[in-house]
């Protein structure tokens with residue numbers, strides 16, 4: 001999060017996880033208004049243009065966040081490997097995902 005330190009992000013994420021596990025009303029707020037939930041815990045607004053979404057684990061052992069689909073004209077993983085001169089299997093892009101209950 002822009003203008004937030006990594007330490008602040010980690011602290012807020014941990015606090016949101018604890019609070020959402022113990023407080024059904026806060027959990028509902030996370031799902032319905034994530035920006036307000038973050039503000040309630042951190043005291044800070046999200047940076048303009050940053051969107052956050054919380055999802056229910058729904059009894060799964062793990063929840064994975066799929067990457068955004070490639071748009072028209074974007075290079076695929078194999079193309080990117082060739083352009084970069086890479087060899088072997090690509091690891092793809094990574095997104096930050098915090099999960100609880102796995």
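Please treat every number below as a calculation from the coordinates, not as lab data. Note that this is a predicted model, so its numbers are computed, not measured. Using ideal geometry, Cβ is built from the backbone for each residue, glycine included, and neighbour counts are taken over all protein chains shown.
From least to most packed, judged by other beta carbons within 10 angstrom and beginning with the fewest, 31, 46, 66 follow the order 66, 31, 46.
The calculated FRET efficiency for the pair residue 78 and residue 6, based on their C-beta separation and a Förster distance of 30 Å, comes to about 0.40.
Largest first and in whole Å, what are the equivalent-ellipsoid semi-axes of the range 1-52 based on the Cα gyration tensor, each being the root of 5 times an eigenvalue? Mind showing how you got there, number by number?
Numbers: eigenvalues 68, 34, 11 Å².
One finds semi-axes of 18, 13, 7 Å for the range 1-52.
Look at 51, 27, 82 and count the other Cβ atoms within 10 Å of each Cβ; fewest to most, that gives 51, 82, 27.
If I stretch the segment between residue 55 and residue 25 completely, what's the gain in nm (0.36 nm per residue apart, minus their alpha carbon distance), one decimal?
Numbers: separation 30, 0.36 × 30 = 10.80 nm, distance 1.49 nm.
Fully extending the segment from residue 55 to residue 25 adds 9.3 nm.
Computed with the Debye formula from one identical point scatterer per Cα of the range 6-84, without solvent, the log10 of I(q)/I(0) at q = 0.17, 0.20, 0.25 Å⁻¹ comes to -0.79, -0.93, -1.24.
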